[in-house]
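The values are calculated or read from the model by the stated rules, or taken from the named source; none is laboratory data. In this text the structure is predicted, and so the values were computed from the model without any measurement. Please note: Cβ atoms are built from the backbone with ideal geometry, for glycine as well, and neighbour counts cover all protein chains shown. All accessible areas refer to the heavy atoms of the entire protein, side chains included, with ligands and DNA or RNA removed. Shrake-Rupley method; radii C 1.70, N 1.55, O 1.52, S 1.80 Å.
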Amino acid sequence: GEHGGKRSVAPALSDVAILHGKMEPESTWKHSIPQSHKTAIMYVRTGSVSIDGTRVPPHHTIYFTPYGNELVVTSSEGADFLFLAGAPLYEPISAQGSMVMNSPEEINEAYSDYQMQKMGVPWDHKIPDEEWMEHVRQYPSVYKE
């Protein structure tokens, strides 16, 4: 994806933005959303943010409408968030629980892979970043290109 005139060096197979943001107290974060991005969400990990005067606490997800192109986020206490946006893929969608794939067969395969820990091993969402990084190193995903 792209933000503030900088483009990711990681290749993407579709038109997406995957941004990890960290805001200082009393700060503002702005992002221009391309017209092609019809889906956008933000997950607040820590702290809180305000969008159009609505406060969003930690561990909440904001689902944005596809109208408008400038997102303005403020934070009085600071925040850590994940912003995801992208253009429609126009592919079949099959969803069950936490898995989203293209067919029920792929869903079954994904759950089988998950149970065999091919996607890594679940962790406590409250652990500090350093412990999480060590956990990911210890239990890596087998899906690497």
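The figures follow:
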{"read-out": "Test for residue 73: is it surrounded by 14 or more Cβ atoms within 10 Å (Cβ to Cβ) and within 23 Å of residue 129 (Cβ to Cβ)", "value": "yes"}
{"read-out": "Breaking point among (1) modelled with pLDDT of 90 or more; (2) open to solvent by 40 Å² or more (accessible area, probe 1.4 Å); (3) within 18 Å of the chain's Cα centre (by Cα), for residue 105", "value": "(3)"}
{"read-out": "Residues of segment 123-145 that turn out to be assigned to a loop (DSSP other than H, G, I, E, B) and either of a type in the set (Gly, Ala, Ser) or farther than 18 Å from residue 100 by Cα (or both), as a count", "value": "12"}
{"read-out": "Test set (1) in contact with a helix residue (DSSP H, G or I) (Cβ under 6 Å, 6 or more places away or on another chain); (2) assigned to a strand (DSSP E or B) - residue 42 fails condition number", "value": "(1)"}
{"read-out": "Selection from segment 46-60 of residues that are open to solvent by 60 Å² or more (accessible area, probe 1.4 Å) and either touching a Cys at 6+ places or on another chain (Cβ under 7 Å) or outside any loop (DSSP other than H, G, I, E, B) (or both)", "value": "46, 54, 55, 60"}
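For every residue, the table says whether it meets (1) part of a strand (DSSP E or B); (2) under 15 Å from the mean Cα position of the chain (by Cα); (3) without any contact (Cβ under 8 Å) to a residue 40 or more places away in the chain.
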residue: 30; (1), (2), (3): yes, no, no
residue: 35; (1), (2), (3): no, no, yes
residue: 62; (1), (2), (3): yes, yes, yes
residue: 71; (1), (2), (3): yes, no, no
residue: 77; (1), (2), (3): no, no, no
